[in-house]
1. Apply the Karplus curve 6.51 cos²θ - 1.76 cosθ + 1.60, θ = phi - 60°, to the phi angles in the stretch 48-62 and return the couplings in whole Hz, x for Gly and Pro.
2. Summing +1 for each Lys or Arg and -1 for each Asp or Glu, what net charge is found among the other residues whose Cβ lies under 15 Å from the Cβ of Lys36?
3. Can you give me the Kirkwood hydrodynamic radius for the stretch 32-111, using every pair of distinct Cα atoms, in Å to one decimal?
4. Could you give me the ³J(HN,Hα) list for the stretch 33-46, computed from phi with Karplus coefficients 6.51, -1.76, 1.60 and θ = phi - 60°, whole Hz, x at Gly and Pro?
5. Which Cα, out of Ser74, Cys52, Met37, lies furthest along the positive dipole direction of the stretch 32-111 (beta carbon charges, K/R +1, D/E -1)?
Amino acid sequence: MHANMIGSFVLCFCVLFGQLNASAIPMWEFLSKQEKMSFLYSLFANQVESFCESSTLKNCNKELLKYGLSTLKSMSEDVLDATDPYQRDANTIIWTSLMKGHPLANSVPKVSSSSSTAKPNSYDDDESFGDDPYADFGSESAASAKIDNVYRLPPPEGFVQKLEIG
């Protein structure tokens, strides 16, 4: 009888556990609308870059990014939740959502791993550990490393700087 109760409990637990339906990253729903839009736009920009490498469309990057941004701005919170970038086929979902109504909406680009956003703490760049680890030093996007203006401000009034000697 005791074994029968344990078996029933385990069966009920398994059935209830199987009914749960959650996102791969449940925190996506808790991000603000601005955070979701920013992240989706950066992923979309990678897709556009990949697509435009082989496209003959005039001003490809500019036109597609502008179209995608205008679509993204008009998306509701529910649609943003549905474009969770951590779900299966997220690249297709993001592209078709942001290109909705555009003639190229069905031309989903294949995003290369080098232009996609790396997962935190991922070490997928094994090729950088070859003979010359500094071979690609400085090949990062120049825009991300560029600092246009540097402002030096005087310290607040009454600030006393302490020098540590020794």
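1. 4, 4, 5, 5, 6, 4, 10, 9, 9, 4, 5, 6, 3, 4, 4
2. Numbers: positive: Lys33, Lys73; negative: Glu29, Glu35, Glu77, Asp78, Asp81, Asp84.
For residues surrounding Lys36, the net value is -4.
3. Numbers: mean 1/r = 0.0797 Å⁻¹.
With all distinct Cα pairs of the stretch 32-111 included, I get 12.5 Å.
4. The phi angles translate into 4, 4, 5, 5, 4, 5, 5, 5, 5, 5, 5, 5, 4, 5 Hz.
5. My answer, from the dipole projection, is Cys52.
Every number here is computed from the coordinates shown, using simple stated rules; none is lab data. Quick caveat, the model's predicted, so the values are computed rather than measured. Every residue, glycine among them, receives a Cβ derived from its backbone with ideal geometry; neighbour counts consider all protein chains shown.
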